[in-house]
Amino acid sequence: MTAPLIDPFARAISYLRVSVTDRCDFRCTYCMTEHMQFLPKKELLTLEELDRLCSAFIGLGVEKLRITGGEPLVRRGIMTFFEAMARHLQSGQLKELTLTTNGSQLKRFAADLAACGVKRVNVSLDTLDDEKFARITRWGRLAQVREGIEAAQAAGLRVKINVVALKGVNEDELFPIVEWCAAEGHDLTFIEVMPMGDMGEEDRLGQYWSLKDLRARLAERYSLTDLAERSGGPARYVRLEETGSKIGFITPLSHNFCESCNRVRLTCTGELYMCLGQEDRADLRAPLRASADDAVLEDAIRAAIAQKPKGHDFDYSRQSVAGQVTRHMSHTGG
Ligand code: SAM
Ligand code: SF4
């Protein structure tokens, strides 16, 4: 048995998020510019290389794998990767294989994902209004995402809806979204918008809607009970007593969650980001390609984990955006 991955702050790293592509069929205003420059395809790790890397992490104790992007389901051949990862579920080494998606391709892939052992999907959806959806995503169609969500449910996948809280954009839909999720049986998580990537004309502070404020508004209508439950991640959960539904809050800005961080993020080019909010990263592509022997790769992974920073420095509290990182969320994987 090899030693598990423990960082300098005694946090065990058991969760790997993998961005399998930086490309996407949407252009959400808070995530990308309209004319994003994507990486040349030759820069990307092949699916076989991604398999080898993920398998190395699993060998070192990673138990949860989340596939993200960009939009993971637009990467060509991605189902062969999910099929390959299913072997780690079958061996029991991997406890959960999951993904975060914009839902546009779920209608096509939901049944295949379920067949690979995926049990839950996170679908990002910030509004239930067709026109607003088109405005936020620039290229997306709400009807297609709704069909995708229905297909996921039909395939037996649990759906969690991720909503980025956007001031002046979806504030007025707080209750409709909560009620829709409760009626459909979806879990729901709200996310504060993070200062990632240069958004051109988009104004970060203008977009920022504190979840403290959102929660206070929820409490005007519902009785909220704090839940001790943690999914090993940054979300804090409450139960709405009136509906019995569960709501999560991811609050990197108004409440720092770094002390319990159990995760690292791999990009589609093989860079390992030890913290979403810091520039520190390690190149795993070179050691991956340097030798067919996984010992070299495992040493590089351990060396990277030894560099994991204590936390991020995002801060809007002085009415300015501090701690901004230059890369886009689609590069590191949200
Ligand atoms: N395309 C997939 C999707 O949208 O679910 C997966 C990748 S996306 C980068 C992952 C998550 O990051 C989404 O829930 C998205 O809303 C969120 N996200 C993107 N940019 C963000 C930002 N600047 N602040 C907070 N969340 C962001
Ligand atoms: Fe694409 Fe997801 Fe970013 Fe929207 S949030 S542009 S769907 S990667």
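The values are calculated or read from the model by the stated rules, or taken from the named source; none is laboratory data. All values reported here derive from a predicted model rather than from experimental measurement. So basically every Cβ, Gly included, is an ideal-geometry build from the backbone, and we count neighbours across all protein chains shown. Surface accessibility is based on the protein's heavy atoms, side chains included, excluding ligands, DNA and RNA. Shrake-Rupley method; radii C 1.70, N 1.55, O 1.52, S 1.80 Å.
Annotations
- Lone unmet requirement of (1) open to solvent by 10 Å² or more (accessible area, probe 1.4 Å); (2) modelled with pLDDT of 95 or more for residue 58: (1)
- Enumeration of residues in segment 32-90 that are among the acidic types (Asp, Glu) and either more than 20 Å from residue 104 (Cα to Cα) or touching a His at 6+ places or on another chain (Cβ under 7 Å) (or both): 43, 48, 49, 51, 63, 83
- Any hit, segment 83-104, residues being open to solvent by less than 60 Å² (accessible area, probe 1.4 Å), under 16 Å from the mean Cα position of the chain (by Cα) and away from ligand 1 (no atom under 16 Å from the Cβ): yes
- Here residue 67 clears all of (1) touching a strand residue (DSSP E or B) at 6+ places or on another chain (Cβ under 7 Å); (2) within 12 Å of ligand 2 (Cβ to nearest atom); (3) within 23 Å of residue 286 (Cα to Cα) except the condition numbered (2).
- Residues that are in a loop (DSSP other than H, G, I, E, B) and away from ligand 1 (no atom under 13 Å from the Cβ) were ranked within segment 16-37; the one that is least open to solvent (accessible area, probe 1.4 Å) is 34.
- Test: residue in segment 48-62 that is of a type in the set (Val, Ile, Thr) and either more than 17 Å from the chain's Cα centre (by Cα) or more than 12 Å from ligand 2 (Cβ to nearest atom) (or both): yes
- Matching option when the condition is open to solvent by less than 60 Å² (accessible area, probe 1.4 Å), modelled with pLDDT of 90 or more and within 24 Å of residue 18 (Cβ to Cβ), among 189, 225: 189
- When residues in segment 105-150 are screened for being among the hydrophobic types (A, V, I, L, M, F, W, C), under 20 Å from residue 31 (Cβ atoms) and more than 19 Å from the chain's Cα centre (by Cα), 5 of them pass.
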